[in-house]
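Just below is one structure, and these are the notes that go with it.
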Amino acid sequence: MQDEAENEGVIIDVRELTFAYKDRPILERVSMTVRRGEVFAIMGPSGCGKTTLLKNMVGLLQPPPGSVHVLGQDIAMLDEDMLDRFRQRIGMLFQFGALINSITVGENIALPLNERGGLARDLSPILVPMKLGLVGLAHTVDYYPAELSGGMKKRAGLARAIALDPELLFFDEPTSGLDPVTAAGLDQLVLELKSLLAMTMVVVTHDLASARTIADRVLVMDEGKVLAMGTVAEVERVKDSRVQSFLRREARDGRKSEASLERYFQPRRD
């Protein structure tokens, strides 16, 4: 069945995934697919299980056997050596960039290249400025992370995530903590990289404006369950009150969240 999914262009296939931390259930029968070449956004309120789902897909958590297939691999069946090889095929942008503060930005970008070794390590002096140039940070190769703004740290983290030209790129809350203008600029960068590198991307986000801008399809979760999946337009037509409350940035009692920003209400401009 997994071969059939790959033949149909599906490179992530999650089937009835149930996951718990000790006795606390986090995910309940979650199913989703990601197709090659698309930007797929996983959305929902804080604590709904988005990041746990992401960690199951990248092998930071071990899912039940047969429930999570990524790039043709059953994640639950991979030992440490196999996981290392699998992770060389994917990239990950962590929520706050996760740069190492004691080394330069260029040295941060070189880390996965040096870890790969061989030709990648030999080409590191060429590839590092090239990757930084793709995210608009060619001038920062000798900077230290403390010298970068929040948005620049995210871009540098993205340069490191694409250092090995991954087939699949994961983002954990890429616009979190950014002002609306900087966040919008990061969205445009994601779209440019998608077009330039023909890369499949999975984005965990609570940012509605970002999802409307970058996502081909979205999945909306709450309390560990899938409430809706489809294009933004399709999800916006779902009648489920929990979906509508999230899309309207409303609290459970129906009042608008005080934390909402004007950016979240702007319609997508194609």
query = How do H69, H206, H139 line up, fewest other C-beta atoms within 10 Å first?
reply = H139, H206, H69
task = Fewest Cβ neighbours within 10 Å first, please rank R160, R155, R212 accordingly.
result = R212, R155, R160
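Nothing charged except the Cβ atoms of Lys and Arg (+1) and of Asp and Glu (-1): what's the magnitude of the dipole of the chain about its Cα centre? Round to the nearest 20 debye.
Details: 33 positive and 38 negative charges, 148 e Å.
Roughly 720 debye, rounded to the nearest 20.
Would you please name the GluC sites (Glu not before Pro) within the range 1-91 that are DSSP coil residues with at most 13 other C-beta atoms within 10 Å of their C-beta? Mind showing how you got there, number by number?
Numbers: sites: E4, E6, E8, E16, E28, E38, E80; in loops: E8, E38.
Passing sites in the range 1-91 are E8.
Pairs to check: K22/K225; K131/K154; K194/K225; K131/K194. Give those whose C-alpha atoms are more than 21 Å from each other in this structure. Please report the intermediate quantities before stating the final value.
Values: K22/K225 18 Å; K131/K154 13 Å; K194/K225 29 Å; K131/K194 14 Å.
Flagged as over cut-off: K194/K225.
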query = In the chain, which helices (entire DSSP H runs) extend 24 Å or more along their own long axis, judged by Cα positions, while averaging at least -1.0 on the Kyte-Doolittle scale?
reply = 180-197
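Tell me what the chain gives for mean residue ellipticity at 222 nm when only DSSP H runs of n ≥ 4 count, each as -39,500 (n - 2.57), the sum divided by the residue total, rounded to 500 deg cm²/dmol.
-10500 deg cm²/dmol
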query = When the Cα centres of the range 43-115 and the range 146-168 are compared, how far apart do they sit, in Å?
reply = 15 Å
task = Before anything else, pin down the relative contact order of the range 108-214: Cα pairs under 8 Å, at least 6 apart, normalised by residue count, whole percent.
result = 25 percent
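No value in this document is a laboratory result; all are computed from the given coordinates. Since we're looking at a predicted model, the values are computed, not measured. Here Cβ is always computed from backbone atoms with ideal geometry, including for glycine, and neighbour counts include all displayed protein chains.
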